[in-house]
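What follows is a short report on a single structure.
What follows draws every value from the coordinates through simple rules; no lab data is involved. Given the structure is predicted, the values throughout are model-derived calculations rather than measurements. Neighbour counts run over all protein chains shown; Cβ positions are idealised from the backbone, glycine included.
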Amino acid sequence: MTAAVLYGKEDLKIEQVPIPRVGEGEVLIKVQVALTCGTDLKVYQRGYHARMIVPPALFGHELAGVIEEVGPGVKWFRKGMRVVSLNSAPCQACFYCSKHQENLCEDLLFNNGAYAEYIRIPRRIVEANMLAMPPGVSFEEAAMTEPLACVLRGLHETKPEIGDTVTVIGGGPIGMMFVQVARLTGCNVISVVKRDSQVQAAKHMGANDVVQITKVADAVEAVRVLTREKRGSDIVIEAVGRPQAWEWAVEMVRKGGTVNFFGGCASGTKVQLDTSRLHYSEITLKATFHHTPETVRRAFALIAERKIRGNDYITGEAPLSRLQQVLHHMLNRNGDIKTAIIPGH
């Protein structure tokens with residue numbers, strides 16, 4: 001089969017590799033679509049991910065497809081079913097799983113290889129995080145389940161209330177999802193973006209106000225001006241993964257407010273925070289990582305109910321043979337949100 005293999009920093013090759021063989025409880029999916037995402041772009045730039053992928057390795061993790069083969073012991077799935085498979089599954093037995101923090105599982109099993117004609121789904125993911133697609137849901141839409149599940153968990157853990165002002169820093173796909181989901185939750189949303197194309201995207205997703213950092217002298221002040229009595233936002237979500245944006249988030253939030261450092265910075269990154277402001281303003285700092293089986297199902301339900309639509313996020317399509325060019329294009333910050341990679345083309 002044809003597949004993308006990551007060898008290191010910006011070293012990706014489209015190669016012929018053996019079709020995976022399935023074992024007990026496993027499933028082989030013929031991939032219909034794999035979506036690009038910010039995490040894959042970071043992995044491509046850095047050449048690895050400490051928890052998810054160690055090169056040389058098959059690459060990609062947002063996918064939907066058709067079951068080609070089922071291994072012995074698979075109960076709920078059969079050949080020909082349309083499915084979406086997530087990129088991980090918890091052990092359901094460790095301390096963190098017992099605390100309903102499956103995203104922090106001590107033995108969290110990751111699976112990569114979406115940018116390929118076929119992908120093998122391990123038994124644990126088949127049982128915990130693979131879902132049958134109902135009629136009418138496209139492969140492109142279903143493949144968005146994974147990032148949406150992460151966003152839902154991030155927003156839920158930040159505990160917004162109806163009428164809260166939520167500022168989202170970041171105009172990529174995750175930032176746009178936060179904008180849309182926060183609006184669905186009943187919040188007033190301020191979107192902080194960089195590029196012209198992101199201004200229109202944020203408005204389309206439901207942002208009440210948009211601050212474009214290249215058009216204002218002080219991004220923090222520009223956000224605070226949009227809040228009542230300039231006191232700051234109830235919640236600020238950082239969805240970029242840059243130290244400066246982390247620091248901005250703390251300055252944009254009101255007294256007693258909550259900051260969610262959702263965007264992961266590079267390993268070893270340090271930030272400087274005003275300890276006096278944190279203490280005397282009772283600011284809550286949170287960080288959320290990944291998804292859980294519960295948020296996976298909630299995300300899939302939003303997609304199936306058409307509350308989140310694929311065509312809001314998927315701005316292009318390309319064959320697997322052009323994956324490297326697509327990633328280079330994304331590195332140039334071209335404004336595309338997600339590209340659907342079609343392995344069979």
Test of understanding: ordering H328, H100, H291 by Cβ neighbours within 10 Å, fewest first, what list do you get? H100, H328, H291
On a 0 to 90 degree scale, rounded to 10, what angle separates helix 145-158 from the longest Cα axis of the chain? 30 degrees
If the chain between D196 and E247 were fully stretched, how many nm would it gain, using 0.36 nm times the residue separation less the Cα-Cα distance? 16.0 nm
Given charges of +1 on the Cβ of Lys and Arg and -1 on the Cβ of Asp and Glu, with all other atoms neutral, how large is the dipole of the range 69-193 about its Cα centre, in debye to the nearest 20? 360 debye
From the Cα centre of the range 283-345 to that of the range 83-144, the distance in Å is 15 Å
Quickly estimate the mean residue ellipticity at 222 nm for the chain, helices only: each DSSP H run with n ≥ 4 gives -39500 (n - 2.57), and the total goes over all residues, rounded to 500. -8500 deg cm²/dmol
Given the options K13, K215, K255, which has the most mean-square fluctuation in a GNM of the chain, springs set between C-alpha atoms less than 10 angstrom apart? K215
Taking R0 as 22 Å, what FRET efficiency do you get between H156 and C94 from their Cβ-Cβ distance, rounded to the nearest 0.05? 0.55
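Evaluate the charge dipole of the chain about its Cα centre and quote only its size in Debye, nearest 20, assuming +1 on the Cβ of each Lys and Arg and -1 on the Cβ of each Asp and Glu. Mind dumping the intermediate values first?
On the way: 40 positive and 36 negative charges, 40 e Å.
Value, rounded to 20: 200 debye.
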Just to be sure I understand: with springs between alpha-carbon atoms less than 10 Å apart, which residue in L12, L323, L273 has the highest mean-square fluctuation in the Gaussian network model of the chain? L273
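Sort E15, E229, E106 by Cβ crowding within 10 Å, fewest neighbours at the top.
E229, E106, E15
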Set of lysines with alpha-carbon distance to K13 below 24 Å, sequence-local pairs under 8 removed: K30, K42, K338
Want the number for L41 to E106: 0.36 nm per residue separation, take away the alpha-carbon distance, what's left? 20.8 nm
By average C-beta atoms within 10 angstrom, highest first, the peptides 262-271, 81-90, 194-203: 81-90, 194-203, 262-271
Packing-wise, with mean Cβ within 10 Å as the measure, how do 277-284, 297-304 rank, highest first? 297-304, 277-284
Between I19 and T315, how high is the FRET efficiency from 1/(1 + (r/R0)^6) when r is the Cβ-Cβ distance and R₀ = 22 Å? Nearest 0.05. 0.10
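Sorting check: for 237-245, 139-147, which peptide has the highest mean count of neighbouring beta carbons within 10 Å, and how do the rest follow? Kindly include the intermediate steps, with their values, before the conclusion.
Values: 237-245: 22.0, 139-147: 25.6.
With the highest mean Cβ count within 10 Å placed first, the list reads 139-147, 237-245.
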Which of P293, V181, W76, positive extreme of dipole for the chain (C-beta unit charges): V181
The range 151-286 shape via C-alpha gyration tensor axes, a/c threshold 1.5: rounded
How large is the Kirkwood hydrodynamic radius of the range 207-345, counting all unique pairs of alpha carbons, in Å? 18.0 Å
Report, to the nearest 10°, how far helix 173-184 tilts away from the longest principal axis of the Cα atoms in the chain, using its own Cα long axis and a range of 0 to 90°. 70 degrees
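Give me the net charge of Y96's neighbourhood, meaning all other residues with Cβ under 11 Å from the Cβ of Y96; Lys, Arg count +1, Asp, Glu -1.
-2
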Summing +1 for each Lys or Arg and -1 for each Asp or Glu, what net charge is found among the other residues whose Cβ lies under 14 Å from the Cβ of G80? +2
Percent of beta bridges antiparallel (DSSP, the chain, rounded to nearest 5): 55 percent
For the pair A132/T269, report the inter-label distance in nm, with labels modelled 7 Å from Cα in the Cβ direction. 4.2 nm
Within the set of other residues whose C-beta is less than 15 Å from the C-beta of A142, count the net charge using Lys and Arg as +1 and Asp and Glu as -1. +2
How large is the charge dipole for the range 151-286, taken about the Cα centre, if only the Cβ atoms of Lys, Arg (+1) and Asp, Glu (-1) carry charge, to the nearest 20 debye? 140 debye
Taking neighbour Cβ counts within 10 Å as the exposure measure, how do L108, L63 sort from fewest upward? L108, L63
How high is the relative contact order of the chain? Use alpha-carbon pairs under 8 Å, at least six apart in sequence, and give a whole percent. 18 percent
Given Cα pairs under 8 Å that are at least 6 residues apart, what percent is the relative contact order of the range 1-136? 31 percent
